[in-house]
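Below is one structure, written out as structure tokens; comments come after it.
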Amino acid sequence: MRLNIGFIGFGKSTTRYHLPYVMIEDNYHVTWIYNRKEKPELFASYQDRLPDARFTTDVSEMLADPALDVVVINTPPATHFEYALLALQQQKHVLVEKPFTVTEEETKRLFAEAHAQGVKILAYQNRRYDSDFQVVAQIIRSGKLGRLVEVVSQFDLFRPEAASADARHENGALYGLGVHTLDQIIALFGKPDKVAFDVRSVRLPHNPDDAFAIDLYYPELKVSVRTSHVALAPAPRWMLHGTNGTFIKQHVDRQELDLKANYFPGEEGFGEDSED
């Protein structure tokens, strides 16, 4: 079955994390791209790659297409609920970028609407496919480290200058990135018995958080998930300590680094880690 897909939002998330993978699969057919404002140069650059896609600034026109099967929502989180509800009401399957919604009530409303319309809605958690996470999962499954006693997942950035933001409408590091890194831990180990946390705004006191440390406690294992926006020399992406030894994964996902360098899926060596 070939699914006709439309994208709501045409920023970095769509062009870097969705389209490069969709365009190499025969089972997907991109037929619509909606953006609130016109992006003539960006639209033009994709017309050859997506010859059947229609670009629009009218979301109603896109959602009214009876041939459209799936809608992918890649807009600012505060708009996820509105766009997802519109798509569900037109009986489209929906994939929503993280963070899924702003509140739990919005999430429950969307799943209830999907059930009522007989369609599916899912959150997009692409970092379960990151190469660094896949390597760590493989190491854990191998049992070579013995009994795990401590795992540290650290995803650091260096962005020392912070623009003033309205904390009511902006997402912090925990809500923006932590939903991914915490999801990876839950995928590996399930729900913890206890959680401790330190969430702070380091650069500007009244801004959304830009540093966090979450400790998750399991019966015989402690997992730490950390992020800082002021780490010029970042820590290893992963450290796993077990009774038989330690495994260290230095770098983040190779796929993301390749995409940033305009190197795409299907090209030789894409996403492959170097020997070091």
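Residues are listed down the side, and each one gets a yes or a no for (1) of a type in the set (Gly, Ala, Ser); (2) touching a Gly at 6+ places or on another chain (Cβ under 6 Å):
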site	(1), (2)
Arg203	no, no
Ser224	yes, no
Thr227	no, no
Pro234	no, no
Met239	no, no
Thr243	no, yes
Some residue of the range 156-166 being buried (at least 19 other Cβ atoms within 10 Å of the Cβ) and modelled with pLDDT of 90 or more: no
Tally of residues being surrounded by 14 or more Cβ atoms within 10 Å (Cβ to Cβ) and either more than 26 Å from Tyr17 (Cα to Cα) or hydroxyl-bearing (Ser, Thr, Tyr) (or both) across the range 93-126: 6
Residue list for the range 82-140, restricted to those being within 15 Å of the chain's Cα centre (by Cα), basic (Lys, Arg) and in a helix (DSSP H, G or I): Arg127, Arg128
Selection within the range 1-49 - among the aromatic types (Phe, Trp, Tyr) and within 20 Å of Pro265 (Cβ to Cβ): Phe7, Phe10, Tyr17, Tyr21, Tyr28, Tyr46
Test: residue in the range 25-35 that is in contact with a helix residue (DSSP H, G or I) (Cβ under 9 Å, 6 or more places away or on another chain), surrounded by 14 or more Cβ atoms within 10 Å (Cβ to Cβ) and assigned to a helix (DSSP H, G or I): no
Residue list for the range 141-154, restricted to those being hydrophobic (A, V, I, L, M, F, W, C) and either touching a Gly at 6+ places or on another chain (Cβ under 7 Å) or part of a helix (DSSP H, G or I) (or both): Leu145, Leu148, Val149
Number of positions in the range 1-20 that are assigned to a helix (DSSP H, G or I) and in contact with a helix residue (DSSP H, G or I) (Cβ under 9 Å, 6 or more places away or on another chain): 6
Options Asp276, Asp253: the member that is at pLDDT below 90, crowded, with 16+ Cβ neighbours inside 10 Å and not β-branched (Val, Ile, Thr): Asp253
Every residue from the range 217-234 that is under 27 Å from Ser142 (Cα atoms) and under 21 Å from the mean Cα position of the chain (by Cα): Val223, Ser224, Val225, Arg226
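The values are calculated or read from the model by the stated rules, or taken from the named source; none is laboratory data. Please read all numbers here as calculations on a predicted model, not as lab measurements. Virtual Cβ from ideal backbone geometry, glycine too; neighbours counted across all protein chains shown.
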